[in-house]
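Okay, so here's the structure we're looking at.
The values are calculated or read from the model by the stated rules, or taken from the named source; none is laboratory data. What you see is a predicted model; the values in this text were computed from it and never measured. Every residue, glycine among them, receives a Cβ derived from its backbone with ideal geometry; neighbour counts consider all protein chains shown.
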Amino acid sequence: MSQPKPHAVAAGHPQTAAAARQILLQGGQAFDAILAAMMMSFVSEPLLASPGGGGFLLAAGPDQPPRLLDFFSDTPTTDSAGIAQDGIDFYPIEGNFGTRSQEFHIGHAAAAVPGVPAGIHKIHQQLCSLPLEVLAQPAIDAARSGVLVNHQQAFVAMVLQPIINATAAGKKLYGNMRQGQRWQNPELAEFLVQLCRQDPNWFYQGEAAAAICAQPDGLLQAIDFKDYECAVREPLQWSSNGYKVYTNPEPSSGGRLIVEQLKRLKSRHDLAAVLEAQQHADDLKRSQLFEVSRGTTHISVADGHGNLASLTLSNGENNGHVVPGCGFMMNNFLGEEDINPDGFMSWQGKERLRSMMSPTLITHAEHRYALGTGGSNRIKTALFQVINHIINDRKILKHAIEAPRMHFENGHLDIEPGFQVDDLSVLLKTCPINSEWHNHNLYFGGVNAVQSGQTTAAVADFRRNGCGLVFSY
């Protein structure tokens, strides 16, 4: 009798990872598991992921050629040139990240068309083997019984406190997200029940969309929901040293910037070359108006059958308004400066917003990896450095993720502790404008990755208190 092959899961919260594990133990594949984990993240990581946001799934397997499912958000159909700024709910707030503060815009008019409900149905239709009700059940149970808020989610709630307190409904729903508190969300549980029972158009042509469109100071209309589709794309591909890297293609930007950095290394892989590659990506980002999205979480799954799934989700910072009766906030993608480089309310017709989110797969004759990260515009540098450690430095996955990172942007270099003295002196000499951090920090991303093949591993980034599981059945 052959030995069972192990599965691996890495996610941003223990209960997110546990949902994937539960489905794999029930005989599901990696794609079933990652969809269950995705829905659980709405409960365990509710300010980072929700049905009101968007994301990307990159999936591959022995019987599944790599494909990218893009369920990120669309801009409204409304002509942006005709929007009266004084007639919409759109205003700035400030989030305090401890070392830095940043301004965001929220309100009804900050929300773009959510893609997550369509993504759930498309992923299930094209990739999954178990009924959707089975995949949603762990999240439904957790929303009803409650999840203990951990340090990471309490920190996110603290940063987003101005958004949580912006409306009475937001304060009621998220106001007790303090470490050690049990957070329950029965309305979200019922939303997931209905999402599974109804047809794929239920959210986009039903009461939830109608309630969102009924806001007189918002921008979304019924046609925006009716016309939304989850797109299926060929992933961007790059090869080196026997490795193939698959990542998020255009119209998003993060995957292209990661590949451009890898190309820039050529035959050099030293720290100075890594910095030069980051500087090159920063030039491209500014000259080509690459965009990002901030409040993100990532899930990676590898099953014992050779399937890989890499999924990144975002809700931006949330727009402050809870969708009536649904238990979640909408995104604020139209209120993020980085996604709107030409200025707010300046889109040219209905279009898919671009993102830095970059779920990635790496294949090799001996090893296969699924990885991704949150971290705004640090996504491109965090993943580039981890991929470089795997492909060129031949580090094991744990060491590739735990190695110190740096991030170059707009002439400024941020440096984590842990670099060798000689390497650090090179960095400081090359970039006189820099900041040396005293601790490892979630600012530098939160790479959650799994490995299968000759070795099975799951590593969740300690910078974001993630959870990695390896198990057999």
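When the strands (runs of 3 or more DSSP E) confined to the range 416-473 are screened for residues that are touching a helix residue (DSSP H, G or I) at 6+ places or on another chain (Cβ under 7 Å) and among the aromatic types (F, W, Y), those reaching at least 1 such residues are found at 467-471. Scanning the range 356-374 for residues that are assigned to a loop (DSSP other than H, G, I, E, B) and over 14 Å from the mean Cα position of the chain (by Cα) yields H364, A365, E366.
The residue that is surrounded by the most Cβ atoms within 10 Å (Cβ to Cβ), counting only those in the range 394-414 that are free of Cβ contacts under 8 Å to residues at least 60 places away in the same chain, within 23 Å of the chain's Cα centre (by Cα) and over 18 Å from T456 (Cβ atoms), is R405.
Filter the range 68-79 for residues that are part of a strand (DSSP E or B) and either out of contact with any helix residue (DSSP H, G or I) (no Cβ under 8 Å at 6 or more places or on another chain) or among the aliphatic types (A, V, I, L, M) (or both) and give the result.
L68, L69, D70, listed by residue number.
Contact annotation: residue pairs with Cβ atoms under 6 Å, 6 or more positions apart or on different chains, pairing a residue in the range 336-363 that is under 24 Å from H108 (Cα atoms) and modelled with pLDDT under 90 with a partner that is surrounded by fewer than 20 Cβ atoms within 10 Å (Cβ to Cβ) and of a type in the set (A, V, I, L, M), are P341/L289; M345/I83.
Okay, residues lined up against (1) touching a residue at least 60 places away in the same chain (Cβ under 8 Å); (2) touching a helix residue (DSSP H, G or I) at 6+ places or on another chain (Cβ under 9 Å); (3) under 19 Å from I88 (Cα atoms); (4) among the aliphatic types (A, V, I, L, M):
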position	(1), (2), (3), (4)
R182	no, yes, no, no
L188	yes, yes, no, yes
Q198	no, no, no, no
F203	yes, yes, no, no
L220	yes, yes, yes, yes
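Flag set for H280, criterion: assigned to a helix (DSSP H, G or I) and modelled with pLDDT of 80 or more.
Whenever a residue of the range 57-80 is touching a residue at least 40 places away in the same chain (Cβ under 8 Å), its partners that are hydroxyl-bearing (S, T, Y) and surrounded by fewer than 18 Cβ atoms within 10 Å (Cβ to Cβ), lying with C-beta atoms within less than 7 angstrom and at least six residues away or across chains, give the pairs S80/S346. Scanning the range 438-473 for residues being surrounded by fewer than 24 Cβ atoms within 10 Å (Cβ to Cβ) and in contact (Cβ under 8 Å) with a residue 24 or more places away in the chain gives a total of 18.
Of the residues making up the range 175-218, those that are small (G, A, S), surrounded by fewer than 20 Cβ atoms within 10 Å (Cβ to Cβ) and part of a loop (DSSP other than H, G, I, E, B) are G175, G180, G206, A214. For the range 424-436, the candidate set comprises residues that are buried (at least 17 other Cβ atoms within 10 Å of the Cβ) and touching a residue at least 40 places away in the same chain (Cβ under 8 Å); within that set, the residue that is nearest to H280 (Cα to Cα) is C431.
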